[in-house]
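K.L.:
Right, I'll just put the structure down here and ask away after.
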Amino acid sequence: MLSTPAAQAQDAASRTSRPAPRPESPFGSGLPLRRRLRAAWAWIRENLFSTWYNGILTVFTLGLLYLALKHGLRWVLLEARWAVIPANIQPLMVGTYPRAQLWRVWAVLATLALLSGLSAGAFGARLKRAAAWGAGIAAAFLLLPLSAVSRAMVLACAGLYGAGLLGARGRRALRPWLVGAWFLSFPWTLFLLWGVQGSQLLPRVETSWWGGLLLTLILAVVGICCSLPIGILLALGRRSSLPAISWCCTAFIEVVRGTPLVAVVFMAHLLVPLFLPDFRIDKVVRAMIGFTVFTSAYMAENVRGGLQSVPKGQYEAALALGMNSPLMMVLVILPQALRAVVPSIIGQFISLFKDTSLVAIIGLLDLLGVARSVIANPQWLGLQAEVFLFAGLIYWVLSYTLSRSSRRIEKALGVAGRR
Amino acid sequence: MTQAADPIIICEDVHKWFGDFHVLRGISVEIRRGEKVVICGPSGSGKSTFIRTLNRLEEHQKGRIVVDGIELTSDLQDIEAIRREIGMVFQQFNLFPHLTVLQNITLGPIWVRKMKKSEAEELAMSLLERVGIPEQAHKYPAQLSGGQQQRVAIARALAMQPKIMLFDEPTSALDPEMIKEVLDVMRELAHSGMTMLVVTHEMGFAREVADRILFFDQGQIVEEAPPAEFFDAPKQERTKLFLSQILHH
Ligand SMILES: Nc1ncnc2c1ncn2[C@@H]1O[C@H](COP(=O)(O)OP(=O)(O)O)[C@@H](O)[C@H]1O
Ligand SMILES: [Mg+2]
């Protein structure tokens, strides 16, 4: 067995405190057919028809489900005109990013796939599970109505992921390098997408060309990555013993938390050019600033909760070793505080991911914005349902994947196990 | 004995208040280099508070404390310098749960003493050897028993190569069968010549190891004597009462 000591300890704990066995489920057990049917009948009686009002509820729900499924499925399979999606898949994914430069988006995806594979390998994910994740994500991409070239690209990314996974398996020494690489992947991505003024190979693609899911993801990732360090500083500032600092941080946090996101984004849009008139800061960057400002206030509160969860004895032990307070924070307190708030940070990321659709008010076309402009096109008149269902599905798949991976990250960091 | 007579800790009329509550009411004591001092007394008498003022986890408000020639004031540099020379072992161990045993021990030497990582790890392993658990080096604290955790905590404090070790009821949070393994480590440390201040109710340990016993009550040192005298011929009524309670319960 290739499990970490922490996992072993957890195994041991779950072995000793196993919950009472649940009544046997009739599904998937290896019993002969007749006994299985009888078990199924017993299960139905016990769970669906235990009392008369439960029975009525069951029948009622089944009726509703039937109606919804009947009409829903008929619509999805027969009536809906899905042609609108493949015809607009490129704007939905990347907005007006130039076709000739699309390889840069693929290069970003390839980088991320390779890094994910290497990380899954080096950080000791179970092979089967990691492979299933990779395959699942690749399959989700392949379900999209993409061109043959794009499909080949997806497969290439999947290949990189797999190669990384196998290549890095058991190489713990790679871990610090990977953490560094993840940090660098962020500026690298922006560099690739944005390019260099006047370059042949990587011509500048102004952010006004960015759009669709690409813009949605970039806004969310930039928002989270920038707001985490700012949030940490704000949380530490709020606890500072210098009243001026603590007062300023508290005021910032409370003002922002008392303002709706739309207003913050809109104000960033209007005010940043007033404060910095000498720079022409483009719309996307202004939106990023707005989201970062908003999210960092919430992040600060998350981190503050994490800091409060670290026992006083930890501070004392660190001080007793002669550490000064920055060292104590960085080495002892923050690692514990941040581990404790990984779930809420990921929750924050998911809600930011969905909230980025608000950039519509400053005229940016993110996934939802593109969807809106597609249905405004006379050619696709009356196809709101198809387009919005598709956009909704993408939001859901990504949010759900994130929240599932949050649990894995929590486990990997030992949020529960090590205390 | 001239060198041994030179005091490493000097307290002169130390007072401390928590709000209105007068916790330390004029503590004056000198501790010589290499001396082992056991502090005992009823709960709430200010024992923890007193030894925590010595490395300034608590601030005293009146009087003077001088440790190894440096007076404790609000000067942060001085405080950090003094803390490097004083190891502390807590009742609740206070190991860092996110780090392995080895990392717990090397953290101070690497970041505070600026020791090379390889050197620090070598030192840590030799200390783990000394406290008897080298095989646990790569586990996390939560995977160890209480006694093992406390021995790691002792190793962590020793890794800073301190001149003085403070123990605040190091065995009070332990199951009875683990107390001995921790006391054995402390005994060995005492024989190696370390200056030690130990708050404890382990009277057997006190009698065997201590050069001197300080009896605290209501924020004052009520009685101060070598163990034989302290246990067999206490002078103060309060000491007698305390000893009768602690020895016959
Ligand atoms: N941080 C604090 N704030 C207020 N009162 C405290 C604090 N720490 C300790 N005390 C009080 O000071 C007294 C002495 O505490 P302590 O030094 O821990 O006693 P001991 O270690 O002898 O049991 C107790 O009455 C305790 O309630
Ligand atoms: Mg105490």
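The values are calculated or read from the model by the stated rules, or taken from the named source; none is laboratory data. Quantities reported herein were computed from a predicted structural model and do not represent experimental measurements. All Cβ positions, even for glycine, are placed from backbone atoms using ideal geometry, and neighbour counts span all protein chains on display.
K.L.:
In this structure, does A:Pro343 turn out to be at pLDDT 90 or above, of a type outside the set (Gly, Ala, Ser) and surrounded by fewer than 18 Cβ atoms within 10 Å (Cβ to Cβ)?
P.N.:
It is false that A:Pro343 is at pLDDT 90 or above, of a type outside the set (Gly, Ala, Ser) and surrounded by fewer than 18 Cβ atoms within 10 Å (Cβ to Cβ).
K.L.:
If you scan the range B:40-54, which residues turn out to be within 23 Å of B:Ile79 (Cα to Cα) and near ligand 2 (Cβ under 10 Å from one of its atoms)?
P.N.:
B:Gly46, B:Lys47, B:Ser48, B:Thr49, B:Phe50, B:Ile51, B:Arg52
K.L.:
Considering the range B:61-84 alone, what residues qualify as being more than 8 Å from chain A (Cβ to nearest Cβ) and in contact (Cβ under 8 Å) with a residue 40 or more places away in the chain?
P.N.:
Once the filter is applied, which keeps residues that are more than 8 Å from chain A (Cβ to nearest Cβ) and in contact (Cβ under 8 Å) with a residue 40 or more places away in the chain, the range B:61-84 yields B:Gln61, B:Lys62, B:Gly63, B:Arg64, B:Ile65, B:Val66, B:Val67, B:Asp68.
K.L.:
Now, a different point. Looking only at the range B:54-72, how many residues end up being in contact with a Ser or Thr (Cβ under 9 Å, 6 or more places away or on another chain), closer than 23 Å to B:Pro170 by Cβ and in a strand (DSSP E or B)?
P.N.:
1
K.L.:
Let me ask something else about it. Among the residues of the range B:156-167, is there at least one that is under 26 Å from B:Ser43 (Cα atoms), crowded, with 23+ Cβ neighbours inside 10 Å, within 14 Å of chain A (Cβ to nearest Cβ) and within 16 Å of ligand 1 (Cβ to nearest atom)?
P.N.:
yes
Every residue, every condition in (1) surrounded by 14 or more Cβ atoms within 10 Å (Cβ to Cβ); (2) within 15 Å of B:Val37 (Cα to Cα), yes or no:
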site	(1), (2)
B:Met196	yes, yes
B:Val199	yes, yes
B:Met203	yes, yes
B:Arg207	yes, yes
B:Ala210	yes, yes
B:Phe215	yes, yes
B:Ala233	no, no
B:Arg238	yes, no
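K.L.:
Further, regarding this structure: Take B:Asn94 and tell me if it is more than 16 Å from ligand 1 (Cβ to nearest atom) and surrounded by 22 or more Cβ atoms within 10 Å (Cβ to Cβ).
P.N.:
In short, no.
K.L.:
Return the residues of the range A:336-370 that are polar (S, T, N, Q) and closer than 26 Å to A:Phe388 by Cβ; say none if nothing qualifies.
P.N.:
A:Gln348, A:Ser351, A:Thr356, A:Ser357
K.L.:
Test B:Ile51 against the stated conditions and say whether it is assigned to a helix (DSSP H, G or I), more than 8 Å from every other protein chain (Cβ to nearest Cβ), among the aliphatic types (A, V, I, L, M) and more than 19 Å from B:Glu30 (Cα to Cα). Before you say what the answer is, go through the steps one by one.
P.N.:
Numbers: assigned to a helix (DSSP H, G or I): yes; more than 8 Å from every other protein chain (Cβ to nearest Cβ): yes; among the aliphatic types (A, V, I, L, M): yes; more than 19 Å from B:Glu30 (Cα to Cα): no.
Spelling it out, it is not the case that B:Ile51 is assigned to a helix (DSSP H, G or I), more than 8 Å from every other protein chain (Cβ to nearest Cβ), among the aliphatic types (A, V, I, L, M) and more than 19 Å from B:Glu30 (Cα to Cα).
K.L.:
Any residue at all in the range B:24-36 that is in a strand (DSSP E or B) and within 9 Å of another protein chain (Cβ to nearest Cβ)?
P.N.:
Of the range B:24-36, the ones in a strand (DSSP E or B) are B:24-32, B:36.
Applying the additional criterion that residues be within 9 Å of another protein chain (Cβ to nearest Cβ) yields none.
Scanning the range B:24-36 turns up no residue that is in a strand (DSSP E or B) and within 9 Å of another protein chain (Cβ to nearest Cβ).
A quick yes/no check of all residues on (1) touching a residue at least 24 places away in the same chain (Cβ under 8 Å); (2) surrounded by 14 or more Cβ atoms within 10 Å (Cβ to Cβ); (3) touching an Asp or Glu at 6+ places or on another chain (Cβ under 8 Å):
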site: A:Ala220; (1), (2), (3): yes, yes, no
site: A:Leu228; (1), (2), (3): yes, yes, no
site: A:Ser246; (1), (2), (3): no, yes, no
site: A:Thr250; (1), (2), (3): no, yes, no
site: A:Ile253; (1), (2), (3): yes, yes, yes
site: A:Phe275; (1), (2), (3): no, no, no
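K.L.:
Spot the failing condition for B:Ala173; the list is (1) away from ligand 2 (no atom under 16 Å from the Cβ); (2) surrounded by fewer than 18 Cβ atoms within 10 Å (Cβ to Cβ), and only one is missed.
P.N.:
It is condition (1) that B:Ala173 fails.
K.L.:
Here's a follow-up. Confirm whether B:Glu177 is among the charged types (D, E, K, R), out of contact with any strand residue (DSSP E or B) (no Cβ under 6 Å at 6 or more places or on another chain) and closer than 24 Å to B:Phe93 by Cα.
P.N.:
Answer is yes for this residue.
K.L.:
Here are B:Glu119, B:Glu58, B:Glu129: which of them is within 13 Å of chain A (Cβ to nearest Cβ), surrounded by fewer than 20 Cβ atoms within 10 Å (Cβ to Cβ) and over 23 Å from A:Pro335 (Cα atoms)?
P.N.:
Unique residue meeting the criteria: B:Glu58.
K.L.:
Look at A:Ser185 and say whether it is hydroxyl-bearing (Ser, Thr, Tyr) and assigned to a loop (DSSP other than H, G, I, E, B).
P.N.:
no
K.L.:
Could you list, in sequence order, all residues of the range B:174-198 that are more than 22 Å from B:Ser48 (Cα to Cα) and small (Gly, Ala, Ser)?
P.N.:
Of everything in the range B:174-198, those that are more than 22 Å from B:Ser48 (Cα to Cα) and small (Gly, Ala, Ser) turn out to be B:Ser192, B:Gly193.
K.L.:
Quick check: anything in the range B:132-145 in a helix (DSSP H, G or I), within 22 Å of the chain's Cα centre (by Cα) and β-branched (Val, Ile, Thr)?
P.N.:
There is no residue in the range B:132-145 that is in a helix (DSSP H, G or I), within 22 Å of the chain's Cα centre (by Cα) and β-branched (Val, Ile, Thr).
K.L.:
Can you go through A:Leu213, A:Leu184, A:Leu190 and tell me which one is under 16 Å from A:Val108 (Cα atoms) and outside the structural domain of A:Gly121 (by TED's automatic domain parsing)? Even if it seems obvious, please write down each step before you answer.
P.N.:
Working: A:Leu184 fails: outside the structural domain of A:Gly121 (by TED's automatic domain parsing); A:Leu190 fails: outside the structural domain of A:Gly121 (by TED's automatic domain parsing).
Sole residue among the options that is under 16 Å from A:Val108 (Cα atoms) and outside the structural domain of A:Gly121 (by TED's automatic domain parsing): A:Leu213.
K.L.:
Provide a single number: the residues in the range B:61-83 that are touching an Asp or Glu at 6+ places or on another chain (Cβ under 8 Å) and either exposed (fewer than 14 other Cβ atoms within 10 Å of the Cβ) or of a type in the set (Lys, Arg) (or both).
P.N.:
4
K.L.:
Give the residue, chosen from A:Val332, A:Val342, A:Val359, that is in contact (Cβ under 8 Å) with a residue 24 or more places away in the chain and under 30 Å from B:Ile105 (Cα atoms).
P.N.:
A:Val342
Each row is one residue, and each column tells you yes or no for (1) at pLDDT 90 or above; (2) over 22 Å from A:Gly237 (Cβ atoms); (3) part of a helix (DSSP H, G or I); (4) under 21 Å from the mean Cα position of the chain (by Cα).
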| site | (1), (2), (3), (4) |
| --- | --- |
| A:Thr259 | yes, no, no, no |
| A:His269 | no, yes, yes, no |
| A:Val272 | no, yes, yes, no |
| A:Phe279 | no, yes, no, no |
| A:Val285 | no, yes, yes, yes |
| A:Gly290 | yes, no, yes, yes |
| A:Val293 | yes, no, yes, yes |
| A:Ser296 | yes, no, yes, yes |
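K.L.:
Are any of the residues in the range B:90-99 within 24 Å of B:Ile9 (Cα to Cα) and within 11 Å of chain A (Cβ to nearest Cβ)?
P.N.:
yes
K.L.:
Name every residue in the range B:87-107 that is touching a helix residue (DSSP H, G or I) at 6+ places or on another chain (Cβ under 7 Å) and either in a helix (DSSP H, G or I) or more than 22 Å from B:Leu54 (Cβ to Cβ) (or both), in order of residue number.
P.N.:
B:Phe96, B:Pro97, B:His98, B:Leu99, B:Val101, B:Leu102, B:Asn104, B:Ile105, B:Thr106, B:Leu107 - these are the residues of the range B:87-107 that are touching a helix residue (DSSP H, G or I) at 6+ places or on another chain (Cβ under 7 Å) and either in a helix (DSSP H, G or I) or more than 22 Å from B:Leu54 (Cβ to Cβ) (or both).
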